[in-house]
Amino acid sequence: MLTEQICKIRQCHHDNLMARHFDPAYFASLSPAQQKRLQQIILTGIENPDSIMGAYAMHPEDYDLFQPYLDKMIRDYHNIKGELKQVSDWGSDERFDLRNIDPVLANSSMRVRVGRNLADFPLPGAMSKKDRLAFEKRMVGVFSGLVDSPDFGGRYLSLTPDSPYQISEEQYQQLVDEHKMFKDMSADPYLSAAGISSDWPYGRGMYESTDGQLIVWVGEEDHLRIMTMKRGALLNDIFARLRISLDAIERQGLVFARSATYGYVTSCPTNLGTGMRASLHLELPKLTKNGTTLEGLKQLTKTLGLSVRGAGGEHTEAGAGGLVDLSPSGRLQITEEEICRCLYEGIVALREIEQRS
Ligand code: ADP
Ligand code: MG
């Protein structure tokens, strides 16, 4: 039944990697308990046949347990042939200064985030409401360490009903509009099918440092999305601040889930490796036909190793003046420094093409 359903999806949805790499013989070789687990992992791709990946891990060890299947999907998505080795390197000396491209970029909106998951909780798709609340409580303890430190300060804000840190609906909406907080995930069919948005809004919240540059999302697609954001021109600044912040957070006694093969474990196999997405908001009025379409730009950015999103994030359209979100597509088999360079060089190329258009 399941096999037939997936084979049908494969015929009509060629990009669905869950369906493309599903092997009935492999599935049949698993124990009933393992089959049940795997079914949960791929349910999102079955319920949403237009998925690109079509799977979310439910436990950090899923990537090892179901490697014969998931590895094929991961290599296909990340375009990896031969040996797979994730190396971390944040670089040191090279400066990536947007003012060298054009002085008008001096006040650009820069953001870099990593997805991280704790080794001792199920991944968000498999968390119970009790797990979500226990996880948030654990993070409140971690954030109190940051709040007390002069380098960070700030506060934790919660969406959990009756939490002492709870914010109002209006405050929440304002944070979303300011690009600081994540949207209501229960509206996302891919996350809902995987159970990732279950129990919304329990156990969800965010920490923000006093200077607003460090933000940590609690309870979105990964346990944690740790990000630094600021307006400026030196990309190195947001990377350096993120690295320092990650160390400070880990020092509070957290152990992040890692895989020997795939680096940092994330819910979605598309984010494995660095878990990193570094983005820049850039105005491209000509290439977006005054902000009316992203279609042509999607093809163009692909050739530069970049992805384009609307100015409101994933699944949004270009903003006023053709404002878009550009980020390197690579997450796995790439270092943090290479991501920074890819973003910088991609912007150099895109600005040139925009000006020539
Ligand atoms: P991610 O999956 O990397 O967290 P999303 O596409 O879901 O990113 O976007 C999350 C939020 O971050 C959105 O509000 C988006 O507009 C905001 N954002 C992303 N990049 C930037 C940037 N460079 N400057 C300002 N806001 C940004
Ligand atoms: Mg997202």
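FYI, it's all coordinate maths here, none of it is from the lab. These numbers come from a predicted model, not from an experiment. Here the Cβ is made from the backbone with ideal geometry for all residues, glycine too, and neighbour counts use every protein chain on show.
At R0 = 35 Å, how high is the FRET efficiency between ALA119 and ALA187 if r is their beta carbon distance? Nearest 0.05 is fine.
0.70
Take every DSSP beta bridge whose two residues both sit in the chain, then give the antiparallel share in percent to the nearest 5.
95 percent
Mind giving me the nanometre distance, one decimal, between the label points for ASN107 and MET1, set 7 Å out from Cα along Cα→Cβ?
6.1 nm
Return the calculated 222 nm mean residue ellipticity for the chain, to the nearest 500 deg cm²/dmol, obtained by summing -39500 (n - 2.57) across DSSP H runs with n ≥ 4 and dividing by the residue count.
Using -39500 (n - 2.57) per qualifying helix, the result is -11000 deg cm²/dmol.
On full extension of the chain, what length is gained from ASN100 through LYS81, given 0.36 nm per residue of separation minus the C-alpha to C-alpha distance?
3.3 nm
Would you order HIS223, HIS14 from fewest to most other beta-carbon atoms within 10 Å of each residue's own beta-carbon?
Neighbour counts put them in this order, fewest first: HIS14, HIS223.
Within a 10 angstrom radius of the beta carbon, how do GLU169, GLU336 rank from fewest other beta carbons to most?
GLU169, GLU336
Suppose we take every Cα in the chain and form the convex hull; what volume per residue is that in Å³?
Hull volume normalised by residue count: 144 Å³.
Using the Kirkwood radius over Cα pairs, work out the Stokes-Einstein diffusion coefficient for the stretch 2-78 at 4 °C and 1.567 mPa s, in µm²/s as a whole number.
Diffusion coefficient, whole number: 105 µm²/s.
Calculate the length of the line joining the C-alpha centroid of the stretch 54-109 to that of the stretch 112-187, in whole Å.
24 Å
Can you give me the long-range amide H partners of LEU234? Hydrogens built in the peptide plane at 1.01 Å from N, cutoff under 5 Å, separation of 5 or more residues or another chain.
Correct list: LEU98.
Mind pulling the per residue volume of the convex hull built on the Cα atoms of the stretch 146-210? Å³ is fine.
Residue-normalised Cα hull volume stands at 100 Å³.
Using R₀ = 35 Å, calculate the FRET efficiency as 1/(1 + (r/R₀)^6) where r is the Cβ-Cβ separation of ASN290 and SER92; round to 0.05.
Once rounded, the FRET efficiency stands at 0.30.
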